[in-house]
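Data block below; observations after.
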Amino acid sequence: MSTTKSKKSAQIRALVDTAARTIPPMWPLEATVAVNPFLGANTKSLDATASVFASITGQALTMQPSWFQEKLEAGEVKDEDLSAALEACGAPSDVSPADIRNRLSKLEDRAPARIPTVLDLAASPLNIDLRGVMTDRVTAWAANFFDQGQALWQITDKGAAWASWCDYATNDLTPEILGLEGFCAFASRLTDDVEAFIAEALDELVVSGNAAEIYLTQILFDLGGWAQLGRYRLWQAELAGSSDTIMRDLLAIGMAWEVFAYRATGSKITLDWKRANKARERAGEVGEDCWVLGCLQFALDHAEQRRLAGLLSAPSVAQSAEARPPLQAAFCIDVRSEVFRRALESVSNSTETIGFAGFFGLGIDHRSFASDVHERRLPVLLNPGLETFETGEDEISEDRAKRFRLRAVRAWGRFKLAAVSSFAFVESAGPIYVPKLLQGALGLKSGNSKNGPAPKLHLSVTLEARVDAAHSILKAMSLTQNFARLVLLCGHGASVVNNPHASALQCGACGGYSGEVNARLLAGLLNEEAVRQELSTRGIDIPADTYFVGGLHDTTSDTVTIYDDGKASSHSKDIDAAKLLLAKAGKLARAERAATLPSASQSASLLKRGRSWSQTRPEWGLAGCSAFIAAPRERTLAKDLSGRSFLHSYDWREDKDFSVLELILTAPVVVASWISLQYYGSSVAPDLFGAGNKLLHNVVGGVGVLEGNGGTLRAGLPIQSVSDGLKLRHTPVRLSVCIEAPREAISAILAKHDDVRALFDNNWLHLFAMDDNGALTHRYDGKGGWQPAFSARQAVAPEGAAA
């Protein structure tokens, strides 16, 4: 290969890689997790990213001007917030809050102008909705190519995506029928060398430099959720230490449509195409309108931070003076746990609650009872380090029996959907399903049971490995002394039916699964006598009468299931007492949540709300999330954070080398940022980063949903997850991370981790340092330094902040 050709090939690979990494991954429905839709753009600021995305998608990344106007008029955003925003945004000293208000009043609600692609420009001369045709035909192919078992008939090859699509397009007559004469022949002549095709296409379309990078990114965005699903495959491959050409192939598919349209129109679009490429070279320049909206977004963030600072600076409520709590309950840091923890502490001020990542530090590859599916129950940023299973020697016969039942169910399902039998089945067996329909409509259908056998570690896990895991987990939980007699490790999940996005309501730290498996595993591990003896040599003495149990908090009904896998009769009364407290706390939590849910007139209705197949809002999930707090529980005890804060227990005085702080900033904070920014993206740009209307969803390929019977794959959150139908339930603010630790220690950790620091330097997240009174004393300035944050005047505690 010549030096010139080799250099050209390297340039193409770099362009493809840059475009591919701008696309966020989308996890399949079986284990959906929240994803930061701006994952590939965190090296740029929100303003710069908004400018680029507006150019290539026609979508804004902030709310419309009228929405901000309403916030100003309602007094939710004040002049002091605008002043703080102007300072943070580097505005000239002569620009005042009044100037921002005046500029806002002149802005109109409108979508940004999208730079057209060839398909956009060619639509008029060919009198065909080319982008619509491309979307429809790519979806027809991709639904089969990415299928995970839903399709009864496979019509595409599962090899390389490019070869599969070329074969499909060669035989797909739909484009020809719709007026694209010669498309099949065009597809049949495409080269097998994908990189060469992309290079030739860019040359033919005369796209180069910055315009090429923007153009290739735009092509991938136009493929919608299919590109995001491809990015997921690349993500998984790289996590396993390999690679995948799926993004390159998908990009080539999109460009093939562009080349065909370019050739079909000849010189009719040449001038407009040159203008479009000129515009791409300027993409990313922040205009005045974009700057004003970015400034208002910062002011909105500041208003939320001011409210939080007031809550945290309110006087704390003293805990029970008991030296040893009778019950300690560790919950996930998930914002939904905040409501339940506060309720539990209110019914028993001697109970101590702890916040920790819901996978409880055990990154496992798990096989459930009667299943060979490998469930990765850990944050998607990590690889599993442990293998676990549920079927032991005592459960083999039950496992076999259940497998036979499941095979019969699958066979019956195939029969109902088969080409011939399906028609007769509907006519003859339809009435049989009336009771089932009524059961679902009335919310009488039970959710999926989580009462399988106790999970077990693989025999290859040595005692030393078990002790290492137990020691690091207890240290990270700040639970190294003063153990209660009963310690509840409570994961969380959501019991819902008829919901394709059910896994999105489960534990994100558990990879989109419920958290009881990890909780039960850790409880069993900490109850092992051999593990306790070794922990004692490392400075952690667990009393002989301390007993650990796993639990599951159902966030839809606010009920808690306790798993007494050890069957310790000595603690039966303690467990019964804990169940009583949890039931009382659940009642209070349901009452608080019922007031926010549409049609939830009584708190008791939440007990069966998730069991109704007609319920589009079984719960709010993590809508409203706005803060991440890592501090001792005393700083937030009895303060009504309204289920909007991730709460991680952390005492820096016990973290001598700040290794726990480093873990918090590089793992839980990053996971929380993904959640926060997904809710942000689905709120401000629902057409781009949202899954559309639940009422119109059709599951495709078992991997995602279409809105209606066509279009592209939809990623992100459904509109019902962020809106009550009249207004947004999720206020789109960027997450405020509040850490009680020396600022020098926080800065040192950021200096070691460029990716984490970029989130704060580019204002995707805000970072605050707390003092030992809970006050947000300093704000990270995004330049490696710290500035004084909220004064006593600014942080006024709302009435009733501490109850």
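The values are calculated or read from the model by the stated rules, or taken from the named source; none is laboratory data. For clarity, every value in this text was computed on a predicted model and none was experimentally measured. Every residue, glycine as well, gets a Cβ built from its backbone with ideal geometry; the counts of neighbours run over all protein chains shown. We work out accessible area using only protein heavy atoms, side chains counted, and drop any ligands, DNA or RNA first. Shrake-Rupley method; radii C 1.70, N 1.55, O 1.52, S 1.80 Å.
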Check: What spacing in nm lies between the two simple spin-label points modelled at ASP754 and THR537, each 7 Å away from Cα in the Cβ direction?
Finding: 4.2 nm
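For the pair LEU239 and SER599, what calculated FRET efficiency results from E = 1/(1 + (r/R0)^6), where r is the Cβ-Cβ distance and R0 = 25 Å, to the nearest 0.05? Each step should come with its number before you reach the end.
Values: r = 41 Å, r/R0 = 1.66.
With R0 = 25 Å, the Cβ-Cβ based efficiency is 0.05.
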Item checked: Dipole moment magnitude, nearest 20 debye, segment 324-390 about Cα centre, only Lys, Arg, Asp, Glu C-beta charged -> 240 debye
Check: Could you give the length gained on full extension between THR191 and ALA577, defined as 0.36 nm per residue of separation minus the Cα-Cα distance, in nm?
Finding: 131.9 nm
Item checked: Distant-in-sequence amide H partners of PHE646 (H built 1.01 Å from N, under 5 Å) -> SER626, ALA627, PHE628, ILE629
Check: Under a straight-distance cross-link criterion of Cα-Cα below 23 Å, which lysines are reachable from LYS727, leaving out those fewer than 8 residues away in the same chain?
Finding: LYS71, LYS78, LYS694
Check: Excluding ligands and nucleic acids, what accessible area in Å² is computed for GLU204 using a 1.4 Å probe, to the nearest 10?
Finding: 60 Å²
Notebook entry, point to check: Measuring from label point to label point, each 7 Å out along Cα→Cβ, what is the ALA113 to ASP167 span in nm?
Noted result: 4.5 nm
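Using a 1.4 Å probe, what is the accessible area per residue for the chain, in Å²?
42 Å²
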Next item on the list: Could you work out how far the C-alpha centroid of segment 706-776 sits from that of segment 549-589, in angstrom?
Entry: 32 Å
Notebook entry, point to check: Residues of segment 264-286 with amide nitrogen under 20 Å from the 7 Å Cα-to-Cβ point of GLN11?
Noted result: 274, 277-283
Next item on the list: Above 19 angstrom, tally the Cα pairs of segment 255-304 and express them as a % of all pairs, no decimals.
Entry: 55 percent
Next item on the list: Just report the Cα centroid separation between segment 324-391 and segment 65-114, whole Å.
Entry: 42 Å
Check: Can you give the net charge of the other residues whose Cβ lies under 13 Å from the Cβ of ILE540, counting K and R as +1 and D and E as -1?
Finding: -1
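P(r) tail for segment 112-178, what percent of Cα pairs lie past 14 Å?
On the way: 1422 of 2211 pairs.
Result for the distance tail: 64 percent.
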Check: For ARG743, what accessible area in Å² do you get when you roll a 1.4 Å probe over the heavy atoms of the protein chains, rounding to the nearest 10?
Finding: 80 Å²
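Compute the semi-axes of the equivalent ellipsoid of the chain, taking the square root of 5 times each eigenvalue of the Cα gyration tensor, and list them largest first in whole Å.
Here the semi-axes work out to 44, 35, 25 Å.
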Margin query: Accessible area of segment 29-71 with a 1.4 Å probe: how many percent of it is carbon plus sulfur?
Written below: 50 percent
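Among residues other than GLY704 whose Cβ falls under 12 Å from its Cβ, what is the net charge (Lys/Arg +1, Asp/Glu -1)? Provide the component values of the computation, followed by the final result.
Details: positive: ARG714; negative: GLU30, ASP147, GLU707.
Local net charge: -2.
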Check: Given segment 154-281, what whole percent of its Cα pairs are spread farther than 25 Å?
Finding: 29 percent
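What Kirkwood radius, in Å to one decimal, follows from the Cα pairs of segment 1-159? Please report the intermediate quantities before stating the final value.
Values: mean 1/r = 0.0481 Å⁻¹.
Kirkwood hydrodynamic radius for segment 1-159: 20.8 Å.
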Note to self: Give the separation of the Cα centroids, segment 1-20 to segment 127-142, in Å.
What the structure shows: 29 Å
Checklist line | Pairs from LYS573/LYS656; LYS44/LYS475; LYS44/LYS278 whose Cα-Cα separation, in the structure shown, is over 31 Å | finding: LYS573/LYS656; LYS44/LYS475
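Heavy atoms only, probe 1.4 Å: what % of the accessible area of segment 217-349 goes to carbon and sulfur, would you let me know? It would help to have the intermediate numbers written out before the result.
Numbers: 2340 of 4580 Å².
The computed percentage sits at 51.
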Margin query: Give me the three principal axis extents of segment 278-359 from the C-alpha atoms, as integers in angstrom, largest value leading.
Written below: 70, 32, 18
Notebook entry, point to check: Once the Cα atoms of helix 743-752 and of the chain are each reduced to a long axis, what angle between those two axes, in degrees from 0 to 90 to the nearest 10, is obtained?
Noted result: 40 degrees
Next item on the list: Tally up the carbon and sulfur contribution to the accessible surface of segment 467-537 as a whole percent, 1.4 Å probe, everything protein left in place.
Entry: 45 percent
Notebook entry, point to check: So how much accessible area does ARG633 have, in Å² to the nearest 10, using a 1.4 Å probe?
Noted result: 20 Å²
Checklist line | Residues of type aspartates and glutamates that LYS436 reaches as a straight line, Cα spacing below 20 Å, ignoring anything fewer than 8 places off in the same chain | finding: GLU427
Next item on the list: Net charge near LEU46: determine it from the other residues with C-beta under 11 Å of the C-beta of LEU46, scoring Lys and Arg +1 and Asp and Glu -1.
Entry: 0
Margin query: Multiplying the sequence separation of ASP99 and LYS268 by 0.36 nm and subtracting their Cα-Cα distance, what value in nm do you get?
Written below: 56.3 nm
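Quickly estimate the mean residue ellipticity at 222 nm for the chain, helices only: each DSSP H run with n ≥ 4 gives -39500 (n - 2.57), and the total goes over all residues, rounded to 500. Before the final figure, lay out each step's value.
Working: 30 runs with 365 residues, N = 803.
So the helix-based figure for the chain works out to -14000 deg cm²/dmol.
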Checklist line | 13 Å Cα-Cα reach of LYS752 towards aspartates and glutamates, excluding residues that sit fewer than 8 places from it in its own chain | finding: GLU662, GLU744
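Looking only at the chain, where both bridge partners belong to it, what percent of the DSSP beta bridges are antiparallel (to the nearest 5)? Don't skip to the answer; put the middle values down first.
Values: 24 of 61 bridges.
Taking every DSSP beta bridge with both residues in the chain, the antiparallel ones total about 40 percent.
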